[in-house]
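Engineer: Would you mind keeping the following structure in view while I ask a few things?
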Amino acid sequence: SASRATRFVRSMDEPSGQPVLEAEDRARAQWYALISRLFYAPVDSELLQSLAAGDEEEGDADASSAFVGAWHALQAACRTVSVETIRDEFEALFGGAGRAQVTPYTSSYAAPHAPDRHLVELRSQLSEWGLGRRDQIFEVEDHVSAICDAMRWLIEEGRALEEQRGFFMAFIDLGMASFCSAIERNPSADFYRIAGALAGHFLKIEKEGFELHSAA
């Protein structure tokens, strides 16, 4: 199911030329793609069916029991929830008139006192890599889906782990961890509480992996 999610909407340009990736890196890219899709727009019927029918063993290897449990919980939720319920919850949490209950823009969490500066730094880094928003994309670059998609791009381009780590620590770690916590605390969250838990556990594994690599 995670691999199928990679065909959904992107916030960044496609990789210019993908190297042959190890299975672990392919899986990492697919998980980032899935998380990007989950928080970009309400889950549609095709993705819902794909997740519900996914292999329950997917992601088990070298993963924490909490992450595997979160993946299975998301699959179970997808077997019982309706597309209409997900859409209403998505709009209640992340959209609607006025201020969203949970903002999906990470600068609000990573740099609450200087969000504009954080966004400028993010744009500068993306520009250095030759990345930018497509014409039809209206979300700002610090949207959780955009930064997950940028991370997916780094992995699929075969960029060095130290470069991936730098982007992760600067633009993903604090902001997305706080975003997932904000979903967990929100009483309106049901399906997206489960999706947020999956994202949070995956990002914790990513951080631990980067820390191990850095210490090696």
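The values are calculated or read from the model by the stated rules, or taken from the named source; none is laboratory data. Since the structure is predicted, the reported quantities are computational estimates derived from the model, not experimental observations. In this analysis, Cβ positions are derived from the backbone assuming ideal geometry, glycine residues included, and neighbour counts consider all displayed protein chains. What goes into the accessible areas is simple: the full protein's heavy atoms, side chains included, and nothing from ligands, DNA or RNA. Shrake-Rupley method; radii C 1.70, N 1.55, O 1.52, S 1.80 Å.
Engineer: Write out the chymotrypsin sites (Phe, Trp or Tyr not before Pro) in the stretch 87-156 meeting two conditions: DSSP loop, and at most 12 other Cβ atoms within 10 Å of their Cβ.
Structural biologist: Numbers: sites: F90, F94, Y105, Y109, W129, F138, W153; in loops: W129, F138.
Those satisfying the criteria are F138.
Engineer: So if we plug the beta-carbon distance of A73 and H113 into 1/(1 + (r/R0)^6) with R0 = 45 Å, what FRET efficiency do we get, rounded to 0.05? Present the calculation step by step, with values, prior to reporting the outcome.
Structural biologist: Details: r = 35 Å, r/R0 = 0.78.
Calculated transfer efficiency: 0.80.
Engineer: Continuing with this model, one more query. Can you figure out the FRET efficiency of Q125 with S188, using R₀ = 41 Å and their beta-carbon distance, to the nearest 0.05?
Structural biologist: On the way: r = 33 Å, r/R0 = 0.81.
So the FRET efficiency works out to roughly 0.80.
Engineer: Can you give me the relative contact order of the chain as a percent, contacts being Cα pairs under 8 Å and 6 or more apart? Display every interim value, and only then the final one.
Structural biologist: Details: 249 pairs, mean separation 68.5, N = 216.
Over the chain, the number comes to 32 percent.
Engineer: Then there's this: Could you work out [θ]222 nm for the chain from helices alone, using -39500 (n - 2.57) per DSSP H run of at least four and dividing by all its residues? Round to the nearest 500 deg cm²/dmol.
Structural biologist: Details: 10 runs with 126 residues, N = 216.
Helix contribution divided over all residues of the chain: -18500 deg cm²/dmol.
Engineer: Based on the alpha carbon coordinates of the chain, what radius of gyration and maximum Cα-Cα distance (Dmax) apply, in Å?
Structural biologist: 16.4, 49
Engineer: Pull out the extension gain between S82 and R159, defined as 0.36 nm times the separation in residues minus the alpha carbon to alpha carbon distance; nm, one decimal.
Structural biologist: Working: separation 77, 0.36 × 77 = 27.72 nm, distance 3.89 nm.
Stretched out fully, the S82 to R159 stretch lengthens by 23.8 nm.
Engineer: Quick one: how many Å² of C180 are accessible to a 1.4 Å probe, rounded to 10?
Structural biologist: C180 has an accessible surface of roughly 10 Å² with all protein chains in place.
Engineer: Further question on the same structure: Given R₀ = 30 Å, FRET efficiency for S65-A92 by Cβ-Cβ distance, to 0.05? Before the final figure, lay out each step's value.
Structural biologist: Values: r = 31 Å, r/R0 = 1.03.
Computed FRET efficiency for S65 and A92: 0.45.
Engineer: Further question on the same structure: If you roll a 1.4 Å probe over the chain with all protein chains in place, what percent of the accessible area is carbon or sulfur?
Structural biologist: Numbers: 5070 of 10310 Å².
The nonpolar share, carbon plus sulfur, comes to 49 percent.
Engineer: Right, another one. If you count only protein heavy atoms and use a 1.4 Å probe, how large is the accessible surface of R26, to the nearest 10 Å²?
Structural biologist: We get 120 Å² for R26.
Engineer: Still on this structure, please answer the following. What distance in nm separates the two pseudo spin-label positions at E208 and A52, each 7 Å out from Cα along the beta-carbon direction?
Structural biologist: 3.2
Engineer: Another question, then. Expressed in nm to one decimal, what extension gain is obtained for the pair S181 and D44 from 0.36 nm per residue of sequence separation less their Cα-Cα distance? Please list the in-between numbers first.
Structural biologist: On the way: separation 137, 0.36 × 137 = 49.32 nm, distance 2.42 nm.
Additional length available on full extension: 46.9 nm.
Engineer: Right, next: Stokes-Einstein diffusion coefficient for the stretch 166-216 at 4 °C in a medium of 1.567 mPa s, Rh from the Kirkwood formula over Cα pairs: what value in µm²/s?
Structural biologist: On the way: Rh = 11.6 Å.
Translational diffusion coefficient: 112 µm²/s.
Engineer: Under a point spin-label approximation (7 Å from Cα along Cα-to-Cβ), what is the R99-A170 distance to one decimal in nm?
Structural biologist: Between R99 and A170, the label points sit 3.0 nm apart.
Engineer: I'd like to check one number: the per residue accessible area of the stretch 73-216, probe 1.4 Å, reported in Å² as a whole number. Don't skip to the answer; put the middle values down first.
Structural biologist: Working: 6890 Å² over 144 residues.
With all protein chains present, the stretch 73-216 gives 48 Å² per residue.
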